[in-house]
1. Which fully enclosed strands (runs of 3 or more DSSP E) of the stretch B:365-434 have 2 or more residues being surrounded by fewer than 15 Cβ atoms within 10 Å (Cβ to Cβ)?
2. Could you list, in sequence order, the residues of the stretch B:319-372 that are of a type in the set (Val, Ile, Thr) and under 20 Å from B:Ser414 (Cβ atoms)?
3. Only residues that are farther than 17 Å from A:Arg351 by Cα, under 22 Å from the mean Cα position of the chain (by Cα) and of a type outside the set (A, V, I, L, M): list them for the stretch A:70-83, please.
4. Within the stretch B:54-72, is there a residue that is under 30 Å from B:Gly369 (Cβ atoms), out of contact with any strand residue (DSSP E or B) (no Cβ under 7 Å at 6 or more places or on another chain) and not aliphatic (A, V, I, L, M)?
5. If a residue must be out of contact with any Lys or Arg (no Cβ under 7 Å at 6 or more places or on another chain) and among the hydrophobic types (A, V, I, L, M, F, W, C), how many such residues does the stretch A:306-324 contain?
6. Within the stretch A:52-63, track down each residue that is within 9 Å of chain B (Cβ to nearest Cβ) and touching a residue at least 40 places away in the same chain (Cβ under 8 Å).
7. Can you say whether A:Leu119 is closer than 18 Å to A:Tyr317 by Cα, buried (at least 24 other Cβ atoms within 10 Å of the Cβ) and more than 7 Å from chain B (Cβ to nearest Cβ), as far as the supplied structure shows?
8. Spot the failing condition for A:Arg134; the list is (1) modelled with pLDDT of 95 or more; (2) on the phi < 0 side of the Ramachandran plot; (3) facing another protein chain (nearest Cβ under 10 Å); (4) not in a strand (DSSP E or B), and only one is missed.
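The values are calculated or read from the model by the stated rules, or taken from the named source; none is laboratory data. Being a predicted model, the structure only gives us computed values, none of them experimental. A quick note on method: Cβ atoms are made from the backbone with ideal geometry, for glycine too, and the neighbour counts reach across all protein chains shown.
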There are 2 protein chains.
Amino acid sequence: MLDYSKILPWYKPAANESLKCVSKGQGLYQRAKELIPGATHLFGKRAELYAPDVWPCYYKRAKGCTIWDLDGNKYLDFTMVGIGACTLGYADRDITSAVHKELVSGNLCTLNSPLEVQLAEKLAELHPWSQMVRYARTGGEMASIAIRIARASTGKSKIIICGYHGWHDWYLSANLASQKCLDGHLLQGLQPNGVPRELQGLTIPVKYGDADSLKMLLRADHDIAAVVMEPSREQGYDKVFLSQVREECSRHSVVLIFDETTSGFREYCGGIHMLSGTAPDLCIFGKTISNGIPMAALIGTRSVMEAAQSTFISSTYWTESIGPAAALEFIKKHQRLNLGTVLEQVGERIRNNIQTACNSSGLEVTFNGTKALTSFSIVHHDWPKMLTLFTQMMMNQGVLASDRSYSNYSHTFSGALRKHRTAITDVLGRIALYASRDELDNVLRTRVKTSSFGRI
Amino acid sequence: MLDYSKILPWYKPAANESLKCVSKGQGLYQRAKELIPGATHLFGKRAELYAPDVWPCYYKRAKGCTIWDLDGNKYLDFTMVGIGACTLGYADRDITSAVHKELVSGNLCTLNSPLEVQLAEKLAELHPWSQMVRYARTGGEMASIAIRIARASTGKSKIIICGYHGWHDWYLSANLASQKCLDGHLLQGLQPNGVPRELQGLTIPVKYGDADSLKMLLRADHDIAAVVMEPSREQGYDKVFLSQVREECSRHSVVLIFDETTSGFREYCGGIHMLSGTAPDLCIFGKTISNGIPMAALIGTRSVMEAAQSTFISSTYWTESIGPAAALEFIKKHQRLNLGTVLEQVGERIRNNIQTACNSSGLEVTFNGTKALTSFSIVHHDWPKMLTLFTQMMMNQGVLASDRSYSNYSHTFSGALRKHRTAITDVLGRIALYASRDELDNVLRTRVKTSSFGRI
């Protein structure tokens, strides 16, 4: 049996654990399954999405884009780097320092923190179309607040969605009619069990770019409160589509909400919609605004946001100050580093590393997403199996990698991109060889990854 | 005009501000009203609930139970001390240190933090009836997850509530039939604008102690998924009622959820239900579990919690590690200090200070709440006006005070309780005199406080 006593003195491994686990991280993951339904609190952090039986699962330390796992292995992170949240890299010194200052000064109090007003001023300055803000601590909760405000402002109930907007009832209810309604909006197979069936029909999905369906819906149904959408997802933003959506929403007095939980404060310091020339009525920011510290913000026009006064939206932990402190410091640093440009350049180099490795191995690759949010797939009859092997073999080269590789500021440190190129060239070269000999199974030491939601 | 340039260099006061504001805090509050609908992110932090025109509103620093406002005034906090969240006092050194350790080690990563498993073990150890956990970052969001799991587990929709459970649709929908349904459950006048009318009838309030109504409801309606209640609120917990609720829920296969966002980890290290002898199926913890760092936890039996696997509940910021680190440190310190007993003793001294001051001034006082969550009212034909004057005059004595005075560990430091006694004796003595001469209006320098929710 593995000895956990030093690294995890509180940990009690299961009796038969040595039989099934290859590492402390895997052992702890088995224990987590007994204590936490689904093992992790974010779907995207499940080992089953990477290389189920060899993925390190847990970390002891993370700095920049380097991660040390529980067994002392050191990896460069070329996956989504904190599922897209930490664009400056892990344990950024400036964010840590800003947060520590708040902790020492008292981050929660009977009175309010001036930082929440300061951040409100900053967000309004970055988005001149908006005048007011509300905060939360997760993107999903922020989206629920946006929906509440849109419904309160219009007195209507229905919502048209386009994209991924979290776990809350209002969103998942789109799958009550058929569990496939949300397929194609990032995650497949989202089960709406526990969402009251009374909500069926209130949330209607529309495909990105399908202006005709949107027009028809808005013309036919006069109970639509809002259109909520990710302005940019797999193919970047579509200027023409966004302006069509804007026009239709204005025509029918429907609130237009952009969800920039993923796209905001990445290529652009603010919502990426600022580049598109289309302003929404409300815009949601989440994980990208504070480099790993819980924070979310909703900005909007005064006329829509004032509806928040007519409904009860209130929570104690929205009023602590490390969230605003981290966001203010992050925004300052985003501007100082010209982070948007850096992330695009890093994305180009990541794509170039992948493309070059594929070219020299005779593999055919296609890219998706924006440069800063690169995903790729290689043409093969069993891509999930090949991808799992890719993750397993990259781990052996000291790199965490999957089919999504999000740009990070810390990828520019200490030759990380060069190491990535070396590793991926070697790994894809060998994978091409195994594939040509139909030998993938011979080298795979784990079950194949899954990608859709389900019981584990 | 006030000079904000030094203390708030980013702040642009309104042109006519000097006319209406008595302090920097009040000035900033006016500005906040233009930027944030409702000015604050927690209803309980509005100046309108204390002494609208003189309340300091914002703070620069807070340590223990001492607060420095933006104008450099120093106060002892004898209100709810962080609206009940910071029982160890502000900027607790051990919590700060545990959080700082996580920041430096990287608090969010592509991999998971072992601390979330460690906290799960600890919560299960403290509550032997429970086997599994889920986390969030606010009590309100945690309650929504509990409701989702209860509905998924039973396949039913309706919820019986008893107490205050936050701002989400499932809860506020109780007021769709009549806006008075939730009156008596902590907050009055909660407007459900923006909650879809389709949810009407799904959430049914029952009064604490009213076992007969609960029985009738559960017998008549077979679509009830859960009873969610605060096991202890204004009068402490009622052993008999809780065991009756437990029995009825078990009989009808209804999930029993205790919401211990306010009562948990205060008098008892864990849910206060552990003292009552009644175990729920799920139990919610929120602001009291981490002394001011965003964190919330749901514990429950394996059979109910496993339903979380059949529905999608996922958020990035639930996976960062400062929340679990703060909770683990807080629980350790709660046990080490025997905090529950200390808070009860402090509460007795606070009540004693109030009672003694009232006795010597000839005022008649009644107490409500548990010792650690004391509230009081003085018999007077215009108690809101008298209370507002009390707050105003206590401020002049260097004490923040209202009709709720929650016990805090830091109240035991540096003679804080003695200073409270001196201040309250002086203030209530003078208030009794003003009241006897019908002169309250002559000394009141602010509008009278409100207590119910509404537009500001």
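1. Numbers: elements: B:365-368, B:373-378, B:404-406.
It comes to B:365-368.
2. Keep residues of the stretch B:319-372 that are of a type in the set (Val, Ile, Thr), which gives B:319, B:322, B:331, B:341-342, B:346, B:350, B:354, B:356, B:365-366, B:370.
B:Val342, B:Val346, B:Ile350 - these are the residues of the stretch B:319-372 that are of a type in the set (Val, Ile, Thr) and under 20 Å from B:Ser414 (Cβ atoms).
3. A:Tyr75, A:Gly82
4. yes
5. So the answer is 3.
6. Keep residues of the stretch A:52-63 that are within 9 Å of chain B (Cβ to nearest Cβ), which gives A:55-63.
Passing the criteria: A:Trp55, A:Pro56, A:Lys60.
7. Yes, satisfied.
8. Status for A:Arg134: all satisfied but (4).
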